[in-house]
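Chemist: Input: one structure, supplied below.
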Amino acid sequence: MTPPPANDALDAGGSNRDGKITRDAVLAAALEIIDRDGADALSMRRLARALGRDPMILYRHAPNKAALLDGVAEVILARLKVDPADPDWAAQLRSVARDYRQLALAHPHVVPLLVTRPLATPLGLRPQGTLRPLEDVLTLLTRVGFSRLDALHIYRALFGFLHGHVINELQELIDNPDETDDLLRLGLYRLPIGEFPLIRSLASDLASYDGAAELERGLDILLTGLAAILPAPR
């Protein structure tokens with residue numbers, strides 16, 4: 001006789017067979033709302049409507065909106081994979097950087113949660129999943145011979161660069177996409193003619209911004225500089 005399914009088996013909607021909603025389902029629905037309308041649009045009541053549940057049930061999985069936002073950040077960072085066993089530390093960090101950029105472009109409304117929310121939370125109080133990239137990068141770098149302190153410097157330099165890059169790329173907005181003149185496309189014609197001459201002279205470069213190429217160029221500078229300045233791995 002085939003045994004009945006376990007109570008914790010999940011259906012397609014993320015609920016248990018007995019109808020109980022799961023934390024994964026709650027965070028997935030929260031991410032969907034944020035992706036569509038931004039973090040300010042998320043509320044317990046709206047999330048409950050999306051899940052077809054009483055709002056009070058959600059408090060079993062997140063005591064407040066702040067916890068929901070932390071959970072969503074954890075969901076995204078869980079998709080950022082670091083291979084601590086890769087002997088080519090620079091290539092691995094380059095791969096991590098590319099993946100981080102792709103996650104940011106896929107979920108632009110989540111970027112502020114990844115960049116600014118940690119500022120309000122001490123390291124040990126953050127969701128453990130958000131600390132995994134830090135631990136894995138430190139493991140990668142110390143395994144190839146960097147000291148723990150140098151490994152931390154490299155992590156901070158890399159993610160400081162990445163945070164700045166994705167914010168910069170996401171704000172490269174075109175004012176009039178159908179316009180062929182770059183000054184008009186970017187809205188630079190609104191600037192006083194006698195001011196910001198260098199910005200105006202770079203109109204064609206600004207209008208043809210290539211985020212992937214800018215990332216690679218930045219990584220070339222960053223990783224080459226780190227390798228030159230820090231003591232060689234043992």
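The values are calculated or read from the model by the stated rules, or taken from the named source; none is laboratory data. Keep in mind that this is a model prediction, so the values were computed, not measured. Here Cβ is always computed from backbone atoms with ideal geometry, including for glycine, and neighbour counts include all displayed protein chains. Heads up: the accessible areas ignore ligands, DNA and RNA and are worked out on the full protein's heavy atoms, side chains in. Shrake-Rupley method; radii C 1.70, N 1.55, O 1.52, S 1.80 Å.
Chemist: How much of the accessible area of the stretch 132-234, probe 1.4 Å, is carbon plus sulfur, in whole percent?
Modeler: After summing per-atom areas, the C and S share lands at 57 percent.
Chemist: Rounded to a whole number, what is D in µm²/s for the chain from Stokes-Einstein with the Kirkwood radius over alpha-carbon pairs (25 °C, 0.890 mPa s)?
Modeler: Working: Rh = 20.8 Å.
Roughly 118 µm²/s, to the nearest whole number.
Chemist: A further question follows. Determine the relative contact order of the chain: mean sequence separation of Cα pairs under 8 Å and six or more apart, normalised by residue count, in whole percent.
Modeler: On the way: 196 pairs, mean separation 36.0, N = 234.
Relative contact order, the chain: 15 percent.
Chemist: Tell me, what is the percent relative contact order of the stretch 165-220, built from C-alpha pairs under 8 Å that lie six or more residues apart?
Modeler: 32 percent
Chemist: With a ≥ b ≥ c the root eigenvalues of the C-alpha gyration tensor of the stretch 76-134, is it rounded (a/c under 1.5), prolate (a/b larger than b/c) or oblate?
Modeler: Oblate shape, in that a/c is at least 1.5 and b/c is the bigger or equal ratio.
Chemist: Counting helices only, and only those DSSP H runs with n ≥ 4, report the 222 nm mean residue ellipticity of the chain as the sum of -39,500 (n - 2.57) divided by its residues, in deg cm²/dmol to the nearest 500. Display every interim value, and only then the final one.
Modeler: Details: 12 runs with 135 residues, N = 234.
Result for the chain, helices only: -17500 deg cm²/dmol.
Chemist: Another question, if that's okay. Using a 1.4 angstrom probe, figure out how much accessible area the chain has per residue, in square angstrom, rounded to the nearest whole.
Modeler: 58 Å²
Chemist: Just name one of 153, 230, 72: the one whose Cα is farthest towards the positive end of the charge dipole of the chain (beta-carbon charges, Lys/Arg +1, Asp/Glu -1).
Modeler: Value: 72.
Chemist: Hey, another quick one. Work from the charge dipole of the chain (Cβ charges, +1 for Lys and Arg, -1 for Asp and Glu, about the Cα centre) and give the residue of 109, 62, 47 farthest towards its positive end.
Modeler: About the Cα centre, the residue reaching furthest to the positive side is 62.
Chemist: Additional query: Pop out the ³J(HN,Hα) list for the stretch 73-85 in order, Karplus 6.51 cos²θ - 1.76 cosθ + 1.60 with θ = phi - 60°, rounded to Hz; leave Gly and Pro as x.
Modeler: Whole-Hz 3J(HN,Hα) from phi for the stretch 73-85: 4, 5, 4, 5, 5, 5, 8, 8, 9, 10, 9, x, 8.
Chemist: Using a Gaussian network for the chain with springs between C-alpha atoms less than 10 Å apart, which of these wobbles most: 208, 95, 43?
Modeler: Evaluated over the chain, the most mobile residue of the options is 208.
Chemist: Rounding to the nearest 20 debye, state how big the charge dipole of the chain is about its Cα centre with +1 on each Lys and Arg Cβ and -1 on each Asp and Glu Cβ.
Modeler: 1080 debye
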